[in-house]
Structure formats: structure tokens, C-alpha cells
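Enquirer: A single structure is presented below for examination.
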Amino acid sequence: MEYCAKNQLLDKLPKELLSYVQEKSELCKPDHIYVCDGSEEENKMLLAAMEKNGEIRKSKKHKNCWLATTDPRDVARVESRTIICTKNQHDVVSTPKSGFRPIVDPNMPNIKQTALGNWMDTDEMILILNERFNGCMKGRTMFVIPYMMGPFNCPYSKIGVELTDSPYVVCSMRIMTRMGERVLNELNKVESPNFIKCLHSVGVPLPAQEPIINNWPCNPAKTIITHFPERNEIITFGSGYGGNSLCGKKCFALRIGSILAKKEGWLAEHMLIMGVTNPKGEKKYFCAAFPSACGKTNLAMLQNRDIIPGYKIECVGDDIAWMRFDEEGRLRAINPEFGFFGVAPGTSQSTNPIALEMIKEDTIFTNVAETSNGDVYWEGLENDVDLNNVTITSWKNQPWQKGSKEPAAHPNSRFCTYASRCSIIDPNWESPEGVPIEAIIFGGRRPTGVPLVYEVFDWDHGVFVGATMRSESTAAAEFTNKQIMNDPFAMRPFLAYNFGQYLSHWLSIGQKPGLKLPKMFHVNWFLKDPITNQFLWPGFGENIRIIDWIFRRLNNENCAIKSPIGYLPEKGSINLTNLKNININQLFHIQKDFWLKECKSIREYFVENVNDDLPKEMWTQLDLLENRIQQIPAIEREKCA
Ligand code: TSX
Ligand code: MN
């Protein structure tokens, strides 16, 4: 095979990897093969090459910052074309009560699409992929990216190798994962090394048959993101957008990861990890699962503004937690990632000053707007940028003014930067033993009915609360209208094996003797007054008051009262010092009608989507909840606080 003459690393590939590269290069037919060493020089060379062909622009103002704007058809994860492929359908999805979704693509007549993921037969998918990948890298270079998810010297870290024809993917993977020659050294340490095989192509061989829009090659008509857990393989085609193309993150660390976790007895979850130090200097770590773009990054980087003096938040990760119990029975978490790929809009001095500071250097921006003096711009920065003295160019390269119909930045525009750039990164964020987790927090965007915070009764109830998470939909995927969607464990787009089995795995943990199980909570920052439509809770930095209550619960402080849905804060137990105009009764009101409806829709959801595969404990939890709600007197009674 042909490869760049200067690149000697090809000789360093273990034979399993070499034959994988050989096989895929024969299929994709790239002009060159280049093995990435992860060095500074290599990164500079790739960025310069991309700048030259117009794929990215250099920031005029910020050191080593780059801007990419994509083809407007390639801006988000494509859930309808994200597919798990195995031999048996039932290993991946249950058959929905009212049948599978109608087939939209006549070329994929046997795809099984459900609300909890899509399945197709492995052999059939391979045929479809071979047609797409045959010659797809002509005129391009195939980059070989060896990468590690998790810290070096951590026994629970895992290795992947991504073959891609996108230099944007290489530079982004260098930020999001530990990438390069060091990983090859790890692979060469053992006899027959284990790695997840990842193949990615933008799907535009050169010379291109159609114009390349914004110098961002992609193939939306043929986009497909496939996973083969039985072969430890990920194959993704047609999209350069991060969630579809950076295989380490959603494809590996969550989808393939959760299957490895089930097999090996650990957990791969869509959760942030934060360190919390209280005014006495005690430190605890929390995990939290929220649906995409619900403010996970903001919570992970919560800034102490002396709302409760003495609290300190440190960040371990903002998206993914790999967790397992240690010898002493403590739950330990690592962040498998090396950077942040965060939603830009909404990030501002008032919502997340830590992130704003973090992205001033060494950052790749995608689909943000730009100011005339070289700054980045997006919705939410209105108060941080002097709009009277600069002009703005939108992500679509159009002049933009305040009040313009379309947003300046795409709602799913992103920053991509190193975790080490975060000023409050936790000192233990790369610790190979992980950090000890004492609380798991679930959350969602619920405008009505779900109180600001509650604690679950026990482990099974906690699994039930995770399983019944619902949230208003966001811009992270292709959905646009605001509706309440089920998003169990915030894993709906990332489930890669049967959801019933996923719940059984979580439940089985509660049965193991000798484990110090973390306490579980549910939070909702998004309650609105139905009359004024105003948010009832100020959120953001003020959430430290809720973190404080959770912290005190972990210390067994007697500050909770039993309600039908869980333990609520006892009256006066949430520190509201210096907060005005808080309607605490409204924030904790448990309304009988609302919760009866909630039980009804949970039951419908379970029956329709999980049915016979739902563990019996979940039906029991639902019955118990419904019975507790039924006991609320019909005449409304003020609860708690
Ligand atoms: O991230 C958010 N958090 C968590 C912060 C640690 N967001 C943004 C979500 C979209 C990414 C929030 N939005 C939060 C929140 O706690 N709360 C809200 C809702 C809200 C929005 C604005 C105001 C209050 C609440 N206040 C004013 O606009 C003045
Ligand atoms: Mn996420």
C-alpha cells in the first residue's frame, strides 16, 4: 500500500492493526495512508492544510483557535440513521407493541426502527456499507488515528483506532481523546492487542461529483452511523459532524462502551462528573445524567459566586462517565475523554464563565458566528459583546444583526477544547483509580409538575426514576419542536443493547452484597409559572443551593420529608439566603392529577416500547408510585417546604 513517505509509523502497527488498515484501504482506495503520531508538528501541518483548502479559518484574535462552518445539511447527530447491527434483533431492540416505524429508505427494507434505537442484521448492513465505502477515499488520505479512552496507566481505559479521510476529525480527536504514538506503544506491549475498529469517511471521493458546500465535504443522502458490538467495530459514513464522526465519544464511549460494561460488570453512562467541596473542606464527587444540551457542561463547571460561601466545584468531565465498584465497594468513575465538545449557544459570562475562559486558546469552533474584531459569537453572548461597535457574520457567512430572523450561530454549534484548559479541572481528573461517586443525579427539562429536587427511596426506585426520565427536546439532534420526550438515563440516543437488559444490569448492582451504593436524586431547574411563563428557579450558579442540600443528605442530615414521589427537602432546609421572590411551595408542589397522568404515560411508554423485556421490579415501582399518588387527598394539600 501507498503511504506518505515521511510517515514511518506504518511499520509500528501491530499485525492485527496492519491487516485492518490493509483491508479497509483496499476497500476505500485512498491515495495515501498516514498514521498519526499525535505530535504538535503533525497537528500544525493538518491545520495549515485545512486552512489552505478553506475547510477552516484561523481566528484573527485568539491564539490557535480555528473556525469551521459546515455544509448546512451536516449540523447534528442523525438518530434515524444511527444503527446497531447484530445477528439477533432482540439483543438490541424490543419489538414495539404497535410495530416498528415505517421504512423510509427503500434501500434498507429490513431496518427495525424504534423509539429506543435502530437495528439491522450485520451481514445485510455490511453489503450496504461495502457499496458506500468502495472507492470512497479516492483522491484523499486515509488517516490512522490510534486513541485511548481513559487515562494512560488506568487499567479500565480502552483503545480504539479510527481510520478517517477527514483531517478535521484528526484534529478534533487529538483534543477529545489521548491520541497518537503513545497509544501504538500501548498496543505493542501485548501479544494480541484489543482495540475497537472505527472506520469513517465523509463519503466524497475526489474529484467530487457535486459542489462541496463551505469546503465541508459530506454526503447527507448516504449518511449512516453503524455499530457492530459483536465485531467490536464502528463504521460511519457521510457526515463530518462531531457526534457522527468522532468515534471515540458517542459511538465508542457510550454505545459500544455500555455493551462492554454490561459484559464486564461496570457502567458506561451519559453523565457529567463533578467534585464538590463543602465549607468544612469535605469533598465528594457527584455524577449527573441529563439529556443532551440540558446544561450538563454548565453544571459540571458551576462557578462559586459565594452564593453559599466556602463551596467549591471542580470538574472531572461533562459528558461521559465510566464507572465500576472498587475492592472496598465504592463506586469509582473515570472520564474517558480528553476534552470538551460543548454546545456554544447559551455559554456566556453569566451562565458559564469557566467555559468562556477555557475556549480562548487552542479551540476548534464549528458553526459559530464571528465578530468584525475576530471574536466568536453566538446566541447568549448579547451582554458580553458590544453589538454597537462590531459587525457580525453568521455561521452561514451572511451579515447578521440583532433581530435578524435566523440565529447568528447554529443552535447546535460547538466548541472543542482540551479538558486541561478548564481552570477548575479536578486535580484527580486523570487519576487511574477514578474518583469515588457518592451521588447520582438525574434531571430533565420539565416545565411543570416535577419538583426542583427530590431524593429516591432506594436503589430500585432510583433505577425507576432514571428509566422514566423525560425532557423537552433540544437542538442536539434532528428534532426541532418542543415536546416532552422520554429519555431514560439520558441514554435514549445512545442505547446499544436491549433497554430491558440495560435496566436489569442497573438493578443487579443493587443486589450485590458489600457495595456502598451512591444515593440518587432527581432535579429539575426548568419549572415555569404556568401563568407568567417565567422560570420559577434562577438556576445556573444558584444551583449550588441544591448541590448543598444533596451534600447534606449524603452526610445523613435529617432535612428531608417523605412524599409520594420521593424525599423532598424539609421546610427551610434549602439555603435561600439572599434569594428574593422564590415561590418555594410552587417549586415543590406535588399535584395529584399531574402525577396520575405521569404514571399513565410511563405505563404506556413501558408497554409500547419495552413490554415483556421490562424487569418486574420496574412494574412494581410503577404500581407503588401510582398507589402512593392515589393516597393524596383529592383536595389539594400543601406539601413540604
Ligand atoms: O445550564 C443551565 N442550568 C444549569 C446550570 C448550572 N441552563 C441552560 C440550559 C440550556 C443549555 C438553565 N436554564 C438553567 C440551569 O440551571 N436554568 C435555566 C432556565 C432559566 C433561564 C434564564 C433564567 C432563569 C432560568 N434567568 C434569566 O434569564 C434572567
Ligand atoms: Mn452528551
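Enquirer: Against the condition closer than 30 Å to Arg305 by Cα, assigned to a helix (DSSP H, G or I), more than 16 Å from ligand 2 (Cβ to nearest atom) and not hydroxyl-bearing (Ser, Thr, Tyr), how does Gly541 come out, does it pass? Break it down stepwise before answering.
Expert: Numbers: closer than 30 Å to Arg305 by Cα: yes; assigned to a helix (DSSP H, G or I): yes; more than 16 Å from ligand 2 (Cβ to nearest atom): yes; not hydroxyl-bearing (Ser, Thr, Tyr): yes.
In short, yes.
Enquirer: Considering (1) at negative phi; (2) in contact with a helix residue (DSSP H, G or I) (Cβ under 8 Å, 6 or more places away or on another chain), say which one Gly566 fails and leave the rest.
Expert: (1)
Enquirer: Just for the stretch 316-355: of the residues that are more than 17 Å from Met274 (Cβ to Cβ) and of a type in the set (A, V, I, L, M, F, W, C), which one is farthest from ligand 2 (Cβ to nearest atom)?
Expert: Among those residues, the one meeting the criterion is Phe325.
Enquirer: Another question about this same structure. Condition test on Val368, is it crowded, with 18+ Cβ neighbours inside 10 Å and either under 21 Å from Trp66 (Cβ atoms) or more than 16 Å from ligand 2 (Cβ to nearest atom) (or both)? Spell out how you get there, then give the answer.
Expert: Values: crowded, with 18+ Cβ neighbours inside 10 Å: yes; either under 21 Å from Trp66 (Cβ atoms) or more than 16 Å from ligand 2 (Cβ to nearest atom) (or both): yes.
Criteria met by Val368.
Enquirer: Restricting the search to the stretch 278-324, which residues are surrounded by fewer than 24 Cβ atoms within 10 Å (Cβ to Cβ), assigned to a loop (DSSP other than H, G, I, E, B), at pLDDT 95 or above and away from ligand 1 (no atom under 14 Å from the Cβ)?
Expert: Those that are surrounded by fewer than 24 Cβ atoms within 10 Å (Cβ to Cβ), assigned to a loop (DSSP other than H, G, I, E, B), at pLDDT 95 or above and away from ligand 1 (no atom under 14 Å from the Cβ): Asn278, Pro279, Lys280, Gly281, Glu282, Ile308, Pro309, Gly310.
Enquirer: Being assigned to a loop (DSSP other than H, G, I, E, B) and over 24 Å from the mean Cα position of the chain (by Cα) is the filter; apply it to the stretch 117-150 and report the residue that is farthest from Tyr502 (Cα to Cα). Break it down stepwise before answering.
Expert: Going residue by residue through the stretch 117-150, those that are assigned to a loop (DSSP other than H, G, I, E, B) are 134-140, 150.
With over 24 Å from the mean Cα position of the chain (by Cα) added as a condition, the list becomes 134-140.
On the way: Asn134: 36, Gly135: 38, Cys136: 36, Met137: 37, Lys138: 41, Gly139: 43, Arg140: 40 Å.
Going through the qualifying residues, I end up with Gly139.
Enquirer: Let me ask something additional. From Gly514, Gly510, grab the single residue that is in a loop (DSSP other than H, G, I, E, B) and more than 16 Å from ligand 1 (Cβ to nearest atom). So that I can check it myself, show each step before the final result.
Expert: Details: Gly510 fails: in a loop (DSSP other than H, G, I, E, B).
Step by step, each of Gly514, Gly510 is checked, and only Gly514 is in a loop (DSSP other than H, G, I, E, B) and more than 16 Å from ligand 1 (Cβ to nearest atom).
Enquirer: Here's a follow-up. Taking the stretch 151-193 on its own, how many of its residues are part of a strand (DSSP E or B) and of a type in the set (D, E, K, R)?
Expert: 3
Enquirer: Still on this structure, I have one more. Between Asn373, Asn388, which is in contact with a Lys or Arg (Cβ under 7 Å, 6 or more places away or on another chain) and either in the same structural domain as Lys44 (by the TED database) or among the polar types (S, T, N, Q) (or both)? Reasoning before the result, please.
Expert: Details: Asn388 fails: in contact with a Lys or Arg (Cβ under 7 Å, 6 or more places away or on another chain).
After applying the criteria, what remains is Asn373.
Enquirer: Considering only residues that are away from ligand 1 (no atom under 13 Å from the Cβ), among the aliphatic types (A, V, I, L, M) and touching a residue at least 40 places away in the same chain (Cβ under 8 Å), which ones fall in the stretch 518-558? Don't jump to the end; show me each part of the working.
Expert: First, pick out the residues of the stretch 518-558 that are away from ligand 1 (no atom under 13 Å from the Cβ): 518-522, 530-531, 548-558.
Okay, now just the ones that are also among the aliphatic types (A, V, I, L, M), so 520, 531, 550, 554.
Within the stretch 518-558, Met520, Ile550, Leu554 qualify.
Enquirer: On to the next question. Starting from residues that are within 25 Å of the chain's Cα centre (by Cα) and more than 15 Å from Glu608 (Cβ to Cβ), keep the ones in the stretch 91-110 and report whichever is surrounded by the most Cβ atoms within 10 Å (Cβ to Cβ).
Expert: Here the residue is Val92.
Enquirer: Looking for something more than 26 Å from the chain's Cα centre (by Cα), polar (S, T, N, Q) and more than 30 Å from Gly500 (Cβ to Cβ) - is there at least one such residue anywhere in the stretch 587-599?
Expert: Among the residues of the stretch 587-599, at least one is more than 26 Å from the chain's Cα centre (by Cα), polar (S, T, N, Q) and more than 30 Å from Gly500 (Cβ to Cβ), which makes the answer yes.
The values are calculated or read from the model by the stated rules, or taken from the named source; none is laboratory data. None of the values given here were measured: they were computed from a predicted structure. Cβ sites come from the backbone with ideal geometry, for glycine too, and all protein chains shown count toward neighbours.
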